[in-house]
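Following: one structure in C-alpha cells, then a few remarks.
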Amino acid sequence: QKRLDPLCVSALNKGLSISPTISNSDPCHDYNTLDEFWRDIRQKSNDPMNYYNHDDTLVEWSGWYRLYLNGESAQMSEWCVTNTGCGGETGLYLGGSHPRVEDGVVTREVFASQISSNQCDDYRSTSIKVKACAGDYYVYKLVRPDVMINRPSYCAVTFQSISSDPCYNYESLDRPWRATNESGGWICEESFSWNGWYRLFNYGMNIQMAETCVNSYSCSTDYNLWLNGPHPQIEDGVVTREVCAGLYWGGCCHYKTDPIRVKACPGNYYVYELVNPQLGCSGYCTVLISSFLTDTDYDPCNNYNILDNYWRSTFNYWSMYGYISDHDDTRVEWDGWYRLFIDGSSAQMPEWCISYMSCGGSVSLWLGGSHPRLEDGVVTREIYGSHYDQCSYYRSEPIQVKACPGKYYVYKFTRPTVSIPAPVYCAVPFTTPIVDPCYNYTSLDETWRATDNYHYNYYGMCDYNVEWNGWYRMFYNGENAQMPESCVNQGMCGTYEPLWLNGPHPQLEDGVVTRQVCVSSWFGCCDYTSHPIRVKACPGNYYVYEFVKPTFCGAYCSITSVSTTTETIPPIESITPPITTTGPTISNSDPCHDYNTLDEFWRDIRQKSNDPMNYYNHDDTLVEWSGWYRLYLNGESAQMSEWCVTNTGCGGETGLQSITSVSTTTETIPPIESITPPITTTVNRNPCSELSCSEDERCGMKNGVYGCLCNDDQPRSQPDSFDFSETCESSSGSMSVSRCQLFEAGFPSDVLHLNDPSCKGTVRNGRVEFHFDNDEHICGTNLVANGTHFIYSNFILGTPRSEGFISREKILKLSFSCVYPQTQTLSMNVEINPLESIVHKTLPTGEGRYQVRMTPYEDDEFTRPFTGRVDAELDQKMNVEVRVEGVDSRQFALVVDTCWATPVNDPDYSLRWDLIVTECPNPNDDTVELLQNGVSTSSRFSFRMFIFTANSTKLYLHCAVHLCLLSSNRCSTDCNSGHQQREGRSLDFHDSAPISMGPLMWSEGNTDKWVPDQVKVSDASCLCASLMLLLAVMSVMALF
C-alpha cells in the first residue's frame, strides 16, 4: 500500500495534487491524486466526521484520478451501501466490477443511492472510464456527475493488504446465539471491536454465514445480516460480497451495509473479514456449512446441463419477430451448471446490452463483466437486466462462470430476482474463426455507405434486409475504407438511421475485439444501440468486420481509411483480393500478373432491375479505366458474361457483355508448390506418382494444383477441424490432421508447422503428424496453470509461400491444448514392489500421463534403496524420498504437504502421529528432518523409527503432496521463521491417487525385526484435509 509523503499530504489537504506526467501519457502514471476521508463508504450519516454537504458537480474535474483514504490506496466502491452519502447527499458507486490489467481502459456505468433512501440505484449518473494498473491499483477518469442528482459524491473504499493466508491466520468465533434459529436477546455487532479475519463455529461445529433471507427477529438481533451472493470456491481466492440487512416491516434486503471479504479454505470451511456494520443493532447470521469439497472429481466443464433455446438469442429482435415475452426464468427449476447452445451451436451469455433486447422475455439478463480465462477458474459475475432502451435498469442475482478447455463457458444459473418481470438469460452465438478473417473475407464496395451520402439519393437503404454471413472488408470506389468511430448525422450513409462504431478500432496486437454499434436517430447520436460486431485489424493497414443483421432499419457507414500503422507490411500478408488496387508490376508486363481487381456485386447478371438490392444508377463511362482488370463477385473469381440477359442492367441502365467466347485452359498444371497465379506450362511428368496418396485418398487437382483428395466414401467425423486427433503424455503431445481434408481446404501439408516454424509436420498414412516435448522440441509451446488444470497450448499454422509476387492463399491456424486435470482418483490394479510404492496413471485422451513413487533408503545419501528384507531398529534413522516422474523438472516441483503414521491401513484413523505438518517438520517430534521440499521433482525427509504400542505389529506411513509451478516462486516454505504456516499457498495443485503397500508382519523369530508378508492395493479414495489431494499414500512397515 502506498503512503504519501508529508508534502503530498499537505497538498492534498488543500485540494488536488497532480502526479508527475510521463511522456507516454499512460493514465497509470499520469493522474491526479484524490484523498478525502469523507468519501469512505464506512462514514455513516450519523457520524460527526461525515460531512454530507459536499457536491461533486461543483468540482472542475480534469483527467484521470487515483483514490486514497488517509494516505492509503483506495478504489471506487462496486457496492451500494444504504444511508451512505460519502460526504454528500447521494453516494456514487461503480455499476460493475473493476477491469483487469489486460482489459485496458473500460467504460463503467455509475449508480447513485441517496442517504434519505433505503434503495440502491436511485439514480444513474454519467459513465466514467476505469483502468487497472500494474501495482494493484486503479485510475478513474472522473467527470461531472448528473446535475439532476442531489449533492452527489464519488464513494471510495480501502481494504487492508493480506500479508498471510487468512485460511491459516484467523480468529475463531464460537457464537451459537448467532444461529438463524436463535431469537433470544439483543446482541449488537457494533459493540465488538472487529479486526482481521474470522472463522465461525457453533459449539465447535463448522458453520458459515447465511446466503439467503433470514426471518426477522432471529440471530438474537434486530437487523439480520446475511451474504447477498454465494460463497466462493477455493479457486476464487478472496472475493468481496454485499451484506443485506433484513427487517420485519422492510423485507429481506431492506438495507445494504458495508461489504465484507470472504475466502473458501482447504478443509471445507470459510473465513470472513468482518467489519462494524454500523446499522443499529445488527448481527451476522450463521447456518450449518454446506460441503463444497465432497466430490473432488466434479468439474463443471465436464458435468453440465445443456440449455438450447433459440428464443434466448440476442438476434431474436422484437422488431423482427414481435416482442416475445412469454418466457420467464424465475419459473425454471435451476439445478447445477449449464452450457449454452443456439440451434446446436455453442453460445455464451452476452457481456453487453442493446436497445430493446428481447431474448424471449420482458427483461433480458446479461453478464455484468467480461468472461473469465481458463486460468481464472470459477468466478462470480453480476447480472443486469435491460428494460426497453435502458440496459442496466435491473440487477439480478449474481451467478458463477467458468471458462473450459475447448473454448466454451459454463454457468451456474440461479433463479433470477423475482421482483424483475419475466426475466430471461440471454445467449449469443460464439464461434472462433478457424481461418484468420484477415485472409478470408467478402469485399464490400458500396459508395452509398459514405457518410456524406444523404438517404434520399439511395431510397433509404436497410442492412436489416441483408443476409450477412462471415467477415467483410470495406472499400470506397476501390480505396480502403473503414467504419466511422464518431457520430454520423441522421439520414446519411444512404439510410435513415446510420450505424457507426462506438469506440476505437483495435490495433494489430489486440486480435479480434467486440465493439458496440451506435444508431444515429432524431433523438441523438447514440440514443439507441444495435447488435455489437466483431472487428480485427489486419497486416496491410485495413480492418475486417463481422457484420450482423442490425436491430433497426439502418446501414453500416464507411469512410476512407486512415493509417493505423507506420511499419512496412510485406505483400505476402495481402491474400484475399482487394476491390480496386493495382497488383505488383512484373518486368515482362504479363497482364496475368499485372492487373486491377474489380469486385462490385451489382455487376452480377443475376441482379434484376426489380430487385431492391440492384442499384441501376451506375455508369461506367464515368470511371477512369486504366490497364487490365480481373473480375470478382463477392470475393469469388468471375468473368464477363458471354450471353445477353434481357431486363438486366448489371448496376446501370445498360448491361455490357462480351461478343467473343472466353477461352479457358484445362491442361495447365502448375507446380504443386506454387501459390502464385497459374502460368501455362508444359508438364512432362505424372504428378500423381510423386504424391503417395493413401488408400483413403485419391490423386486429383484443386485450384490448378495436384494433390491427395479424400475418397468420396471417406467418413468425415470432424470436418471443421480436419479430423484433428491428439495424444498427450507427460509434458509432451502429438497431434495429427487429415492431409486430404487440408488439401481440399487449400492448405498444402508441407507448409504447415507449429508455433515454432522449425517444427514441421510429417506425413504418415494420409495424416500430417506433429509432436512437441520439453526436451529438444518445445516448438513454442506455452504453459499456464489455474486452480484446476495445467494447460500446454500450441497451434498448427499454415503460412503461404513467398516465392511469387502476390498470394491469395489462406492462412490456417488450428489451436490445441493438452490439459492435466487437478483432481483424479485412481486405484492400483497390478502388483507393485513392496518397498517402492509407484502409481502409473493414464488419463483420458487429450490428457497427460505421469507416475509418482515413494521409496525408503538405507543411507543418508539416498543411493541405496531398501530391497528384500528391511532391517530397521527402534530409533534408527529412516530416509524417505517421494518422486514424480513424467513431468518437466524445469517447470514443476513436488511439494510434501503433510506426512503422518497410523497403526492401521487407514489415513483417517483416529490414532496418528504427525511427521510433517503444513510442509514443515512436526515441532513436537525433533527427530524429523525435512531435507528437500518444493525445489525439484523429488522431496526427501527422515525420521527415527518408533512403534505405537507394544502390541502393535504394523506401522503405516501416509503423505499428501501436490505439484507446483516453479515460475510461481511460491513452492518452498521457510520452516525456520518461527511458525509452520505457508505464507501464500500456490493454487497450482495437480492430480491425486491413493495407493497402499504392505503390510509387513512382525517376525516371531526376532522381537525387534519385521518381515514382509503381502502386497495389496488400496481401493479407498481419500481427501487429505479436504483439499490437499492424496497423490501418493504409501504404507510402509519397518522391521524391528
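Couple of notes before you dig in:
- Residue ranking by accessible heavy-atom surface, 1.4 Å probe, largest first, among Leu783, Leu200 comes out as Leu783, Leu200.
- Built amide H within the under 5 Å cut-off of Ser443, gap 5+: Arg473, Gly635
- The H on the amide N of Phe747, modeled in the peptide plane, is under 5 Å from the matching H of no residue at least 5 residues off or on a different chain.
- When only alpha carbons are used to place a centre, segment 333-364 and segment 392-450 end up 8 Å from one another.
- Note on Leu508/Thr431: beta-carbon distance plugged into 1/(1 + (r/R0)^6) with R0 of 30 Å gives a FRET efficiency of 0.85.
- Cβ-based net charge around Ser355, under 10 Å, with every Lys or Arg adding one and every Asp or Glu removing one: -2
- Extending 7 Å from the Cα toward the beta-carbon at both Cys688 and His771 defines two label points whose distance is 3.3 nm.
- Here the peptides 526-533, 306-313, 384-391 are ranked by packing, the mean other Cβ count within 10 Å, and the order with the highest first is 526-533, 384-391, 306-313.
- Anisotropy class of segment 167-287 from Cα gyration tensor, a/c 1.5 cut: prolate
- You can think of it this way: the chain between Cys526 and Asp750 has 75.6 nm of extra reach, that is 0.36 nm per residue less the Cα-Cα gap.
- Modelled label positions at Arg944 and Glu102, each set 7 Å beyond Cα in the direction of Cβ, lie 5.3 nm from each other.
- The packing ranking of peptides 551-557, 238-244, 177-183, highest mean first, is 551-557, 238-244, 177-183, where packing means the average number of other beta carbon atoms within 10 angstrom of each residue.
- Across segment 907-916, coupling constants 3J(HN,Hα) worked out from phi with the 6.51/-1.76/1.60 Karplus curve, θ = phi - 60°, read x, 9, 4, 5, 8, 8, 10, 7, 9, 10 Hz, and Gly and Pro carry x.
- Remark on Glu242: its backbone amide H falls under 5 Å from those of Asn228, a criterion applied only to residues 5 or more positions apart or on other chains, H modelled at 1.01 Å from N.
- Relative contact order for segment 138-287: 27 percent, from Cα pairs under 8 Å spaced at least 6 residues apart, divided by residue count.
- Summing Lys and Arg as +1 and Asp and Glu as -1 over all other residues whose Cβ lies under 15 Å from the Cβ of Tyr284 gives a net charge of -4.
- Tail weight of P(r) past 19 Å, computed on alpha-carbon pairs of segment 346-400, percent: 28 percent
- In this structure Lys877 has an accessible area near 60 Å², from a 1.4 Å probe over the protein heavy atoms.
- Dimensions of segment 360-513 based on its C-alpha atoms, expressed as ranges along the principal axes with the largest first, amount to 52, 36, 26 Å.
- Local charge for Ser364 was computed over the other residues whose Cβ lies under 11 Å away, with Lys and Arg +1 and Asp and Glu -1, and equals 0.
- Cα centroids of segment 475-525 and segment 736-762: 38 Å apart.
- Theoretical gain in end-to-end length, Asp860 to Arg890 [0.36 nm per residue, Cα-Cα removed]: 8.3 nm
- Peptide packing: for 890-896, 53-59, the average count of neighbouring Cβ atoms within 10 Å per residue gives the ranking 890-896, 53-59, highest mean first.
- Cross-link table Lys129/Lys402; Lys141/Lys813; Lys141/Lys549; Lys131/Lys263; Lys402/Lys760, entries beyond 31 Å C-alpha to C-alpha: Lys141/Lys813; Lys141/Lys549; Lys402/Lys760
- The alpha carbon centroids of segment 218-284 and segment 886-928 are separated by 36 Å.
- Gain in span if fully extended, Asn276 to Glu190, counting 0.36 nm per residue against the direct Cα distance: 30.4 nm
- Percent of alpha-carbon pairs separated by more than 21 Å within segment 80-151: 30 percent
The values are calculated or read from the model by the stated rules, or taken from the named source; none is laboratory data. Because the structure is predicted, anything quoted here is derived from the model rather than measured. So basically every Cβ, Gly included, is an ideal-geometry build from the backbone, and we count neighbours across all protein chains shown. Heavy atoms of the whole protein, side chains included, go into the accessibility calculation; ligands, DNA and RNA do not. Shrake-Rupley method; radii C 1.70, N 1.55, O 1.52, S 1.80 Å.
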